[in-house]
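The values are calculated or read from the model by the stated rules, or taken from the named source; none is laboratory data. All of these numbers come straight from a predicted model, not from anything done at the bench. Heads up, the Cβs are rebuilt from the backbone with ideal geometry, glycines too, and the neighbour counts pull from every protein chain shown. The area values use the complete protein model at the heavy-atom level, side chains included, leaving out ligands, DNA and RNA. Shrake-Rupley method; radii C 1.70, N 1.55, O 1.52, S 1.80 Å.
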Amino acid sequence: MTSVTKPPILIALVNDYDVVTTGLAHMLDQYRERVLIAEIDTNLGVDDRVDIVLYDTFAQPESDVEELRTLAENPRARRVVVYTWNFHPALIERAREQGMSGYLSKTLPAADLVEALEAVHAGRVVVSEQAPRARTAPGLNWPGRGEGLTDREAEVLALITQGMSNAQVAGLTYLSPNTIKSYIRSIYRKIGVASRTQAVLWGVQHGFTPDHHRVEHWQGGP
């Protein structure tokens with residue numbers, strides 16, 4: 001009896017930073033017989049219907065923003081999964097209220113991430129366990145990693161480079177203002193600057209501004 005091979009799950013990676021989506025795509029590449037990335041050229045929109053939109057929250061709105069509901073309502077996305085470092089209970093609850101089918105941690109090893117995506121594809125709602133802060137899964141990437149910035153430091157710098165105040169960054173990331181200040185001091189030290197203006201200029205020169213607007217595209221924008 002001939003076994004029937006299931007086609008791979010078609011996934012769209014949604015984030016506005018090429019280095020972020022490329023790192024995630026490379027991490028999943030070893031499982032391409034199980035998950036297939038729909039489009040890696042993130043300057044283009046994905047016009048085909050996909051099984052799962054994997055929404056990476058790096059320097060993006062978290063799930064408490066109403067506009068993210070449009071991802072779940074997009075007819076080209078069968079299911080939407082949030083991929084994040086932030087496991088604030090209010091964000092998880094809001095994600096489920098807005099129709100997200102999964103809330104997955106960036107600490108998951110690639111094999112576990114693929115297994116979780118398969119469970120979502122099968123119709124389950126999957127929420128990663130809320131573990132203490134751990135290292136990001138091997139293979140992921142972010143702007144400034146080569147310069148020694150941690151994932152969270154890079155996200156804070158990306159948001160500052162976009163013109164956000166400390167209070168806005170704290171509100172978006174669900175971190176305290178003191179934590180944001182601590183990250184900023186560490187960022188200044190690592191990139192060798194002494195002021196916010198210098199940090200923003202460094203960020204612009206080193207890939208901390210969005211490369212495109214794919215999130216907007218999936219929300220019905222141009």
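Within the stretch 170-188, the set of residues being in a helix (DSSP H, G or I), without any contact (Cβ under 8 Å) to a residue 24 or more places away in the chain and surrounded by fewer than 19 Cβ atoms within 10 Å (Cβ to Cβ) comprises 171, 177, 178, 179, 181, 182, 185, 188. One residue stands out in the stretch 144-169 among those that are open to solvent by less than 20 Å² (accessible area, probe 1.4 Å) and outside any helix (DSSP H, G or I): the one that is farthest from residue 20 (Cα to Cα), namely 149.
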